[in-house]
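The values are calculated or read from the model by the stated rules, or taken from the named source; none is laboratory data. For clarity, every value in this text was computed on a predicted model and none was experimentally measured. Backbone-built Cβ (ideal geometry, glycine too); neighbour counts: all protein chains shown.
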């Protein structure tokens, strides 16, 4: 680990050593996407600019300068995925933009979704001396409840998604209800009257998938459509299915009469479309599929009908909220929900009027 330095990071990312150094000092000439990639690789390699300064006793942190600890609860292979662009990376870009303008340093750290509390192995570096340099913490992705509670007891904390926590938590998120409502209305306008809901099981319970399911159930009921539990896949914890079995369930229900599926996330929808096509179904002629997120489509996939989450703006506003919270630690907690826009694509069409062959 002692061999990890800024030159190693520069070589891995094919950047100059000066560019990497400027990322750590919030130089105004650095692209926020480049800065975020440098932070992510540094965290993956275990390199921390703040830690190095503390050990060497180089330059003390200026009184006006703040440091945000940014903790990402995700498997690194998912965060670094080249098949799908990563919402967390976009939020980190927004947070980085805010940090650059406010003389805030960012210290990025990844933890494993399977670690349920801050005493688990992947949190060890957070418990080290460097964490005492943090003025506040930002959370990316869903965390186990115990970990959220423990972090909130120690730091001013803002989450960039609504989390399950014992006490009220400061969050910046998207308006799941309005987003799902727009998708249901789009499908309804195309004649779909039997609409299913599909999601995956994750290591950490994802509050966002349950919120999107609640919005789905609320909207189809409001439109006078029957709620059919058999057309909901992977919401009930007692009936979780692996992705392959869940996809088979979707195929079975589609043949039984479902004409459209709302997926809780875009990456789920793209994988489902690939599976259904492998079964001989046409999208959208035989079945329509929507997602939620607005990530860039994979090269081998049609443009998904979805809603666009303003990930970059979530990062910016989350950073602003943490700045406020650092100044007023016991300010009343806020949940800030941003609007999302319908993003029409190629995966929604008129409902089929005949049974599948």
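Things to note:
Yes or no, residue by residue, for (1) assigned by TED's automatic domain parsing to the domain that holds residue 160; (2) farther than 24 Å from residue 350 by Cβ; (3) surrounded by 22 or more Cβ atoms within 10 Å (Cβ to Cβ):
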{"position": "195", "(1), (2), (3)": "no, no, yes"}
{"position": "206", "(1), (2), (3)": "no, yes, no"}
{"position": "209", "(1), (2), (3)": "no, yes, yes"}
{"position": "234", "(1), (2), (3)": "no, yes, yes"}
{"position": "296", "(1), (2), (3)": "no, yes, no"}
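- Selection within the range 236-258: residues that are crowded, with 19+ Cβ neighbours inside 10 Å and in contact (Cβ under 8 Å) with a residue 60 or more places away in the chain. The member of this set that is farthest from residue 211 (Cα to Cα) is 254.
- Cross-chain or 6+ apart pairs with Cβ under 6 Å, the range 81-107 first and at pLDDT below 85, then not in a helix (DSSP H, G or I): 83/298; 84/295; 85/295; 85/296
- Check on residue 289, crowded, with 17+ Cβ neighbours inside 10 Å, assigned to a loop (DSSP other than H, G, I, E, B), on the phi < 0 side of the Ramachandran plot and touching a helix residue (DSSP H, G or I) at 6+ places or on another chain (Cβ under 7 Å): no
- Only one of the numbered conditions (1) under 30 Å from residue 135 (Cβ atoms); (2) surrounded by fewer than 17 Cβ atoms within 10 Å (Cβ to Cβ) is violated by residue 350, and that is (1).
- Looking across the range 302-332, the residues that are part of a loop (DSSP other than H, G, I, E, B) and either under 21 Å from the mean Cα position of the chain (by Cα) or surrounded by fewer than 16 Cβ atoms within 10 Å (Cβ to Cβ) (or both) come down to 303, 304, 309, 310, 328, 329, 330, 331, 332.
- Entirely in the range 1-59, the helices (runs of 4 or more DSSP H) that have 1 or more residues that are modelled with pLDDT under 65, in the same structural domain as residue 103 (by TED's automatic domain parsing) and farther than 19 Å from residue 89 by Cβ: 49-56
- Test: residue 336 is in a helix (DSSP H, G or I), touching a strand residue (DSSP E or B) at 6+ places or on another chain (Cβ under 7 Å) and surrounded by fewer than 21 Cβ atoms within 10 Å (Cβ to Cβ): no
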